[in-house]
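These notes are about the structure you will find just below.
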Amino acid sequence: MDGIPTTSLYPKYYRNFRTTVLSEIFQTLRSRKYYAMCRGGSRNRAIPRSTMSAFEDYDVVSRNYDANRGPIGLETVSAFIQFYTNKPLQELHVFDAGCGTGNYTKALLELGVGQVTMVDASPGMIMKAKEKLNDEFEKGRVKFVENLLPSLPFPDDTFDVVMFNMVLHHLDKHRENNTDEYPNITTAMKEASRVLRKGGVVSITTTLRGQFQKGVWNYQLHEEITLIYAPILQTSDFNKKAFAEAGIDMKQKLSLLDVPLVTNHDFYEGPLHKEWRDSDSYWSYATEAEVDEVKKRIWAMKKAGTLEEWCKEHDKTSTNGAITVIIGTVL
Ligand SMILES: C[S@@+](CC[C@H](N)C(=O)[O-])C[C@H]1O[C@@H](n2cnc3c(N)ncnc32)[C@H](O)[C@@H]1O
């Protein structure tokens, strides 16, 4: 083990120190984001646009992302894309826009989808996806492309399906225009429409603004962070307008009940842990002082023995849902 102590938090890194840790350090330095190692308060800090979401440093987050995230709503997405393309999964060429570490692509390939082209702006997230999907890459079923959305660097009429999973809210920095307009999302919808074959399907998984504000227990812990973060998330009205402008016919908008955003949804001490917070960009928007306030609140409830009761009482994942799937077809 090279004299390096094992730890339950990062077992993978210690198992493969030379290849994984050293290449991550190199990447971090290369992209000059070492200042962002202390994630937090990104609403007050510039994130380099060339490699990033509008407010989250995914090269840093890639280290912990998979610990608490998976392909949420995949069964619904796969059923709809099969139904609306009216093609066998094996014949589909899917475009995974903002693919992250490749969780949705992996699940779709396991279901039998023929081919997936994956795009992300973060070299760290793509590196994780490559580790995960190397076998499929060798079989020619996946392609990785590093590119900044909203532009989609592909010819017209290339794909059967374009998926945006939990990515659209990263494209526009809302606080800069403070309206319900999201120019980059609007462009992304037009680009999706362009690269899709006629009758092709756009599939979006997202948390809608209303769902977020009323829904998940951990967003109720600090009202100020939640109020500031909320306008990043699109409204239903905006989505309808963006689809219409792009020539996409909205077919389904489904709130998935009892489907949590993070794998360890019921771990009520979660916000105390950096690894847990790293799986949700909400926490990158909070300042360090706000995160400390949240931690103090959790510790106080823990001490009083009321934490679980409070979290259950403030969670509406089973009645409101935390995730919405939106499906459209190109006219
Ligand atoms: C919340 S993660 C979702 C990852 C994956 N779709 C999933 O659901 O597991 C958001 C992803 O979008 C990527 N992303 C954010 N802004 C982007 C942009 N402008 N261009 C390309 N990728 C972007 C991030 O790097 C990150 O991998």
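Where a number appears in this text, it was derived from the coordinates with a stated rule and is not lab data. Since this is a predicted model, take the numbers as computed values, not measurements. Here the Cβ positions follow ideal geometry from the backbone for every residue, glycine too, while neighbour counts run over all protein chains shown.
Values as computed for the structure displayed
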{"read-out": "Charged-residue dipole, Cβ positions (Lys, Arg, Asp, Glu), the stretch 176-278 about Cα centre, Debye nearest 20", "value": "660 debye"}
{"read-out": "For Gln252, residues with placed amide H under 5 Å, excluding near neighbours", "value": "Ile327"}
{"read-out": "Coil-residue GluC sites (Glu not before Pro) of the stretch 143-233, DSSP, other Cβ within 10 Å capped at 16", "value": "Glu181"}
{"read-out": "Rough spin-label spacing in nm, given labels placed 7 Å along Cα→Cβ, for Asp157 and Glu223", "value": "5.6 nm"}
{"read-out": "Per-peptide average of other Cβ atoms within 10 Å, ordering 154-160, 257-263 highest first", "value": "257-263, 154-160"}
{"read-out": "Cβ-Cβ FRET estimate between Lys87 and Asp237, R0 fixed at 35 Å, reported to 0.05", "value": "0.65"}
{"read-out": "Rounded to the nearest 20 debye, dipole of the stretch 242-331 from Cβ charges on Lys, Arg, Asp, Glu", "value": "100 debye"}
{"read-out": "Least to most buried among Met189, Met125 (fewest other Cβ within 10 Å first)", "value": "Met125, Met189"}
{"read-out": "The stretch 113-157 - percent relative contact order, Cα under 8 Å, separation 6 or more", "value": "50 percent"}
